[in-house]
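Colleague: Have a look at this one before I ask anything.
The values are calculated or read from the model by the stated rules, or taken from the named source; none is laboratory data. What you are looking at is a predicted structure, and each value in this text was computed from that prediction instead of being measured. Virtual Cβ from ideal backbone geometry, glycine too; neighbours counted across all protein chains shown. Note: accessible area is taken over every heavy atom of the protein model, side chains too, but ligands, DNA and RNA are not part of it. Shrake-Rupley method; radii C 1.70, N 1.55, O 1.52, S 1.80 Å.
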Amino acid sequence: MARRAGAETYPARWRKSAHRVYTSLRRSGVDYFRGDGSDWIALAGLFLVIPVITCLTLVDPVWCAPTMLVLPIVAGGLLLRPASLLGLYAGVAVALIVESMRLGPYQDGPAGVTPGTVLTVAACGFLGLILAQFRARVGVPWRRGGTMLFDLRERIRVQSSLPRLPQGWHREMALRPAGGQSFSGDFVVAARTHGGRTLEAVLTDVSGKGMDAGSRALLLSGAFGGLLGSLPPHGFLPAANGYLLRQDWDEGFATSIHLVLDLETGDYELLSAGHPPALQLHAGSGQWEEKAAEGPLLGVYDGAEFDPVKGHLAPGDVLMLFTDGLVEASDRDIAEGIDRLTGEADRYVSTGFEGAAWHLIEACAKDVNDDRALLLLSRKS
């Protein structure tokens with residue numbers, strides 16, 4: 001009884017109420033920054049900022065100019081929904097009216113509310129409203145948009161990772177998007193199939209470049225990753241072609257090259273869908289050989305057929321798969337680009353090709369405004 005009476009005392013009730021308020025505010029804050037809750041906290045905070053700025057302007061308009069009201073407007077454009085933003089603009093308009101009435105006509109001194117002040121605040125408000133409407137249409141709050149793009153980039157990177165190979169094999173992948181962006185239209189999906197004996201790798205170049213092709217590359221990399229290993233090797237490109245046709249994109253074609261490598265014998269098959277040829281270095285002769293398979297672009301017409309080309313990787317041999325951005329540019333054709341690539345690759349014959357993929361892109365196509373990707377496989381002697 002005494003314990004229950006103590007729980008009903010005023011301090012105890014006050015602590016319970018304070019805890020409920022704290023829990024509610026904390027939950028609202030978490031939901032807000034996750035993009036799931038109401039924006040009333042941000043709206044209330046910005047509404048409190050407006051009278052503070054107004055008072056400072058009335059006290060010292062030289063150091064706190066009337067244009068300082070653009071600060072809550074800019075913050076509101078990033079934080080608030082369009083409907084709440086209009087309410088904030090009403091508060092800013094009232095503050096401007098109060099400042100203009102207290103400071104007097106702008107001709108009396110430089111600290112008044114001039115027409116330029118009104119135009120500046122109005123222009124910032126217009127841009128903020130456009131930004132808020134865009135965020136509302138997309139459905140991604142600004143505080144989650146950057147995280148979402150980062151997650152998408154990491155998913156592409158993870159999906160493009162190559163599986164570990166048994167002893168005696170080396171593999172590496174280098175990718176450089178156009179214009180230094182984080183998203184690329186080139187991607188790789190790879191998996192070890194048949195109990196780990198076979199390596200299947202698909203290098204794809206989606207039409208477009210950079211951010212324009214990045215969203216389609218993300219979608220295709222997930223779909224291609226699901227198809228790889230689920231179908232016989234000769235069934236992969238026809239299935240990928242059918243998938244692109246079903247998307248009905250305006251710019252929906254892609255080139256792709258599919259490698260099927262037996263990791264025990266070194267025998268391989270290449271199937272190509274309009275992709276540049278692969279290059280194989282024969283360790284015995286020191287010569288590079290083009291391995292060109294025949295096949296149309298993906299996503300152009302139904303019923304396409306893809307004819308494989310076979311090869312063998314002996315100890316010391318190297319195989320390179322690449323996209324056209326690495327060997328083709330406006331000032332040179334693909335044959336000249338391949339010659340340049342093989343010439344640069346010859347420098348690594350004596351030292352080994354570990355770490356060579358990125359350096360080859362830097363040497364052959366550093367300033368090309370196109371996505372570039374290089375997949376390198378070598379069998380150690």
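Colleague: Work out how much length residue 292 to residue 133 would gain on full extension: take 0.36 nm times their residue separation and subtract the Cα-Cα distance, in nm to one decimal.
Modeller: Working: separation 159, 0.36 × 159 = 57.24 nm, distance 5.02 nm.
Length gained, residue 292 through residue 133: 52.2 nm.
Colleague: Using r as the Cβ-Cβ distance of residue 193 and residue 300, and R0 as 25 Å, what FRET efficiency do you calculate, to the nearest 0.05?
Modeller: 0.35
Colleague: Right, next: Let's test the formula: R0 of 35 Å, r as the Cβ-Cβ distance of residue 169 and residue 74. What FRET efficiency results, to the nearest 0.05? Could the numbers behind the result be given before it?
Modeller: Details: r = 55 Å, r/R0 = 1.57.
Efficiency, rounded to the nearest 0.05: 0.05.
Colleague: For a test of the definition: using alpha carbon positions, the gyration tensor, and the 1.5 limit on a/c, classify region 277-381 as rounded, prolate or oblate. Don't jump to the answer; show the numbers that get you there.
Modeller: Details: a/c = 2.14, a/b = 1.21, b/c = 1.77.
Oblate.
Colleague: Round to a whole number: what % of the accessible area of region 289-381 belongs to carbon and sulfur, probe 1.4 Å? Working shown, then result.
Modeller: Working: 2010 of 4540 Å².
Taking all protein chains in place, region 289-381 shows 44 percent carbon and sulfur surface.
Colleague: If packing is taken as the average count of other Cβ atoms within 10 Å, what order do 195-205, 301-311 fall into, highest mean first?
Modeller: Working: 195-205: 20.5, 301-311: 13.9.
Descending mean neighbour count gives 195-205, 301-311.
Colleague: How high is the FRET efficiency from residue 330 to residue 161, r the C-beta distance, R0 25 Å, rounded to 0.05? Let's see the in-between values first.
Modeller: Details: r = 32 Å, r/R0 = 1.29.
E between residue 330 and residue 161, to the nearest 0.05, is 0.20.
Colleague: Can you tell me the accessible area per residue over region 281-381, all protein chains present, probe 1.4 angstrom, in square angstrom?
Modeller: Details: 5020 Å² over 101 residues.
Accessible area per residue: 50 Å².
Colleague: Treat each spin label as a single point 7 Å out from the Cα along the C-beta direction, and report the residue 359 to residue 307 distance in nm.
Modeller: For the pair residue 359/residue 307, the computed spacing is 3.9 nm.
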